Structures are given as structure tokens and as C-alpha cells.
Amino acid sequence: MRSIKYKLGEFFIIFIVLPIVFVIQFPIWIKMIIGLSGFLYIIYVLLKIEKNRFKVGPSLNWPIFWKRTGVTFVFIAVITTIFVWITDKEALFSVMINKPKLWILILFFYSIFSVYPQELIYRTFFFQRYHGFFKNTNILIFINAIVFSLGHIFFRNSLVLVLTFIGGLIFAISFNKTRSTLLVTIEHAIYGCWLFTVGMGSMLGFPS
């Protein structure tokens, strides 16, 4: 499971074939079984093959993380607020204002059951398994953003693909700097929750 050929096949199936398969119309329960099986495989590889131990690193630089994340968040917040105001003014903060309980519930479940698994797959697993394929870190980050975007192709929305590619770049850069799944998960959750809050949730599959 550590050979180059095995890893290349693994990469192709997980990050290319499966996202394309999920675009095809077939029963959702089959897709859920496939997705869960793939996720359990990734957990197995991380624990048994890569010998990961899921723990909070003692040397995390929280002040720098919050400063960098805060600056990025302000930029994203301004741009997305203007975008929603222009394109769909009625959606601006509509769920938070009209359905606050649903808003809180979705933010919680999204952060725990969507963001964290995504970061395990696309950052922790991806970087540990395939970093050796790339001599140039920038190419590694770029490919990571590409496959992260491809992982959202089932939304059939070009704007979603652009947003997830940009998000993929941000999260890959963060993970490359910190090597912390926790930090990049928090960052991902902040930006993703904001998109839902500001009124862009429907195109990203959030119930509204």
C-alpha cells in the first residue's frame, strides 16, 4: 500500500473516479455506501498505514492563525455580501434572520460532519500520501485545489467549482504551513458557515 503504483491507483479512484461517479444518477443510498466505504478506507490508511494519531499539536501558533484567518474572513465577507446583495438581495442573511434554529443546527452539523471529514480526506490524507510525488510545493497545492474542486462537481454549478477551487488553495496553503488538521478544519468551517449565513447556502447544498 506504500508503492508508487498503488498510490497512483488509489489517487485516481478516490479523487478522480468517485467524484465523477457521484454525478451519475443512481440511488442515493448506494452513493452513501460508496462514500462511507471510501471514508473508512481513508481512516484505515491514516491510522494503520501512515500511523497517524489524531491529537492537538502542542506547538500550534494560535495568534498567527487567528490573525491570518481574520484578515481572510473580512475580505471574503465583504466580497460575498456585495455579491449576494447584487444577485439575490432577498437571500441576504435570510436563513439566519427567518430560521435561526435551523441556522444554528446546520452550522453545527456542517462543521462536524462535513468540514472535518473533508479536511481529513483532502488535506491530511492527500498531503501524507502524495506529497512525495511533487518536488514543487506550489504544484502540490494547485493539484490539491483542483481535486477539491472536482469533489464538488456533483453540484453541477460552475460558481461552486470556482469557489471550491479558491477555497482549496486557501486550505492547502494553510495545511502546508501548519500541518494541522484542526486549524484548517476551523478555518474551513468559518468560511463555509459564513457562505451559508450570508445567503449562498442553497447552491452549496445547505437546506434553507
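Just so it is clear, none of the values below were taken in a lab; they were calculated from the coordinates. These figures come from a predicted structure and were not determined experimentally. Cβ sites come from the backbone with ideal geometry, for glycine too, and all protein chains shown count toward neighbours.
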Could we say that Ile186 is touching a residue at least 40 places away in the same chain (Cβ under 8 Å) and either closer than 25 Å to Val71 by Cβ or assigned to a helix (DSSP H, G or I) (or both) here?
-> yes
Residue set Ser180, Ser174, Ser111; condition of a type outside the set (Phe, Trp, Tyr), touching an Asp or Glu at 6+ places or on another chain (Cβ under 7 Å) and under 27 Å from Leu60 (Cβ atoms); output residue Ser174
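For every residue, the table says whether it meets (1) loosely packed, with under 12 Cβ neighbours inside 10 Å; (2) closer than 26 Å to Ser174 by Cα.
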site	(1), (2)
Phe15	no, yes
Phe26	yes, no
Ile42	no, yes
Arg68	no, yes
Val74	yes, yes
Does Phe165 satisfy being in contact (Cβ under 8 Å) with a residue 60 or more places away in the chain and aromatic (Phe, Trp, Tyr)?
no
Exactly one of Gly132, Gly168 is assigned to a helix (DSSP H, G or I) and either crowded, with 16+ Cβ neighbours inside 10 Å or of a type in the set (Val, Ile, Thr) (or both), and that residue is Gly168
Output for Cβ contacts, cut-off 7 Å, separation at least six or different chains, first residue over 17 Å from Phe113 (Cβ atoms) in segment 33-48, second among the polar types (S, T, N, Q) and in a helix (DSSP H, G or I), reads Leu46/Thr124
- prompt: Do we find a residue being assigned to a helix (DSSP H, G or I), basic (Lys, Arg) and over 30 Å from Ile16 (Cα atoms) anywhere in segment 112-123?
  reply: no
Pairing a residue in segment 9-22 that is closer than 15 Å to Phe39 by Cβ with any residue that is surrounded by 15 or more Cβ atoms within 10 Å (Cβ to Cβ), where Cβ atoms lie under 6 Å and the two sit 6 or more apart in sequence or on different chains, gives Phe15/Val147; Pro19/Leu150; Pro19/Gly151; Pro19/Ile153; Phe22/Lys31; Phe22/Phe154
Condition set out of contact with any Phe, Trp or Tyr (no Cβ under 7 Å at 6 or more places or on another chain) and surrounded by 15 or more Cβ atoms within 10 Å (Cβ to Cβ), scope segment 84-98, selection farthest from Met203 (Cα to Cα): answer is Ser94
Over segment 64-119, the set of residues touching a residue at least 12 places away in the same chain (Cβ under 8 Å) and acidic (Asp, Glu) is Asp88, Glu119
Exactly one of Phe11, Phe22, Phe15, Phe39 is over 26 Å from Lys177 (Cβ atoms) and in contact with a helix residue (DSSP H, G or I) (Cβ under 7 Å, 6 or more places away or on another chain), and that residue is Phe22
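State the number of residues belonging to segment 135-163 that are in a loop (DSSP other than H, G, I, E, B) and under 14 Å from the mean Cα position of the chain (by Cα).
Number of matching residues: 2.
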